[in-house]
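Laboratory data are not the source of any read-out in this text; all were calculated from the coordinates shown. Given the structure is predicted, the values throughout are model-derived calculations rather than measurements. Because the Cβ atoms are built from the backbone with ideal geometry, glycine has one as well, and the counts that use them run over all protein chains shown.
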Amino acid sequence: MLQTGRLPVQTKGNQLLDYTRTAETFDWRSVESAFSWSVTGRVNTAYEAIDRHVDEGRGEQIALQYSDPSRNEQLTFAEMKANSNRFANVLRKYNVKKGDRVFIFMPRVPEFYTSFFGVIKVGAIVGPLFEAFMEEAVKDRIADSEASVLVTTPDLLPRVPRQELHSLKHVIIVGNDVDHGNDNIISYYKEMKEASTDGEPEWVDREDPMIIHYTSGSTGKPKGVVHAHNAMIQHYQTGKWVLDLQPEDIYWCTADPGWVTGTSYGIFAPWLNGVTNVIRGGRFSPGDWYQTLEKNKVTVWYSAPTALRMLMAAGDELIRNYDLSSIRHILSVGEPLNPEVIRWGMKVYGKRIHDTWWMTETGAILIANYPQMEIKPGSMGKPFPGIRAAIIDDEGNELPPNQMGNLAIQTPWPSLMREIWKNPQKYQEYFRLKGWYISGDSAYMDEEGYFWFQGRLDDVINTSGERVGPFEVESKLVEHPAVAEAGVIGKPDPVRGQIIKAFVSLRDGYQPSDELKEEIRQFVKNGLAAHAAPREIEFKDKLPKTRSGKIMRRVLKAWELGLPTGDLSTLED
Ligand code: WT7
């Protein structure tokens, strides 16, 4: 057992004074009383995250602190309330109703957040789309969810194949030169100018759906993970106890709202807790990031291992140009956080980096290193109070400490996904062992109850913290005229965690070449998204397949790592 290099408690988190005791006595119902709706049962997350702060006298506080290379903007809670009311009224004018799907395909500019809360205020389901998605990724998600409205920008509109998206009734364009000739196209700024700031949010049931995030599995197209308004209970409480948010905090979550971290912890947790939320637009650059921390005097910073490794690679010299003394608490999520990165964080920021574990499906943090806990670098920490995590075997038996198995969580908890959109069978697969949610991660728990991540049990790839399904990439690859068959795996990478590697066999008449590799790479990039394009392509005459024709990614992985290929009895020939 790794008992060396434990990091002692550094700052006393103000709000969770005794983890062990709290873990034993905590009851989620005690959190509900923080919300007025605990009595009526009628709720709207947008009200709790934004309007409530106005009603309680915090309307003039800065809610959104926005900057990108060309824009600087601040919005108070009162302004956010007024803007999102306006947008809700725009949606009402175009007949958007409770339960409808409204997608937002936009960079993280202030209009994103206005639209986002406007959608929730009318009781519709908001679907954020990552701005780097290309045509096919956009099409799959809008088509599967049968969204009726899309909010986007003129730059991104060409990636929306409107002719093929029959459910789409309106496209709202956030930009100046909007062509009004087409009555499906609506100008955001024109409508917002005319819309009233009045109106109450639609009061819904706590179990009504609120947000849909598409995420990848090892088979099939991305699946629509649906979360209910009820998730706010956990967003709020993990915000308090894991992010340690306190009223005067200035918080920065570096994730894009196209992914779940960018909504659960880039939107809900900070604003439910009423803190100032820093949003930085534009691309990643180490200097920009340090400047964002310094200029905004960020106190709580939630980021990801790949970004931290890139900052580490940028060198310690750079850090000396910035005053980062405002930082009180640093957290990470999405991939294994290397002990080396934690040690580096101690050296350059003088702070411990707190790893947290959760998934799109879990909606919120389940396992974490709390401010009040000793950190064992390399461990994801301990379960959140009210959460029971265990390592189980394939029959659902709990395994003793130090044995590797399936990381599973006892059901239910407040932010657990409520449905996979139009796919009850996929939903049930997560709960195939009675009483447990099966994460698909393998891990072990040590004698002190700390959990240690070991890997994925399926073929899902985690590249730079972004989850990519091999099937989606393979399907795109075989659309290329030169590609006969393709198998895709994650290859270990020191900075990105994993990179996507494709094994490709060519059709007759095509010769392997570097130009062809690059052409195929670009083809995937332009069809799906840059992060889904294979960084490495290797041509093979034949790919290992089962007799039923399924490509054996397990064998490709073994080839790549130079490991034994294991049982090949089901191999085709
Ligand atoms: C998968 C979920 C919602 C968080 C962002 C990613 C991996 C997540 C950790 C961690 C090692 C981690 C798991 C998980 N993962 N956190 N602290 N250490 N691995 O959400 O895209 O749904 O991916 O990310 O493999 O299953 P996601």
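Between the beta carbons of LYS97 and ASN397, assuming R0 = 30 Å, the FRET efficiency works out to 0.05 to the nearest 0.05. Sorted largest first, the principal axis extents computed over the alpha-carbon atoms of the stretch 79-166 equal 35, 25, 16 Å.
Note on the chain: Rg/Rh from Cα positions, Kirkwood definition for Rh, rounded to two decimals, is 0.96. Here the Debye sum runs over all C-alpha atoms of the stretch 212-334 as equal scatterers in vacuum, and log10 of I(q)/I(0) at q = 0.09, 0.11, 0.13, 0.19 Å⁻¹ comes out as -0.28, -0.41, -0.56, -1.07. For GLU419, nonlocal amide neighbours, meaning residues 5 or more places apart or on other chains whose placed amide H falls under 5 Å from its own, are VAL226.
Under 17 Å from the 7 Å Cα→Cβ point of ASP316, by amide nitrogen: which residues of the stretch 362-387? Counting only backbone N, you get no residues.
Each of the peptides 125-136, 514-525, 24-35 was scored by the mean count of other Cβ atoms within 10 Å over its residues; in descending order, highest first, they stand as 125-136, 514-525, 24-35. Per residue, the average separation of C-alpha pairs within less than 8 Å and at least 6 apart gives the chain a relative contact order of 13 percent. When each of the peptides 270-282, 330-342, 487-499, 53-65 is scored by the mean number of other C-beta atoms lying within 10 Å of its residues, the order from highest to lowest reads 270-282, 330-342, 487-499, 53-65.
With the convex hull drawn over the C-alpha atoms of the stretch 460-561, the volume per residue is 97 Å³.
Summary of the geometry: the stretch 436-460 and the stretch 231-280, compared by the centres of their Cα atoms, lie 25 Å apart. Peptide packing for 544-550, 452-458 was compared via the average number of neighbouring C-beta atoms within 10 Å per residue; ordered from the highest value, the list is 452-458, 544-550.
Projected label points at GLN61 and ALA143, each 7 Å from Cα along the beta carbon direction, are separated by 4.5 nanometres.
Just so you know, the averaged projected area of the alpha carbon convex hull for the stretch 399-469 sits at 6.0 nm².
Listed by chain and number, the lysines whose alpha-carbon sits under 26 Å from that of LYS93, ignoring those within fewer than 8 places in the same chain, are LYS81, LYS121, LYS139, LYS169, LYS190, LYS193. In summary, the lysines within cross-link reach of LYS382, defined as a Cα separation below 27 angstrom excluding same-chain residues under 8 places away, comprise LYS12, LYS240, LYS347, LYS351, LYS434.
Can you compute the equivalent ellipsoid semi-axes for the stretch 346-485, i.e. the square root of 5 times each eigenvalue of the Cα gyration tensor, sorted largest first and rounded to whole Å? Sorted largest first and rounded, they come to 29, 21, 15 Å. In plain terms, the residue of LYS476, LYS139, LYS382, LYS93 with the fewest other Cβ atoms within 10 Å comes first and the most crowded comes last, giving LYS93, LYS139, LYS382, LYS476.
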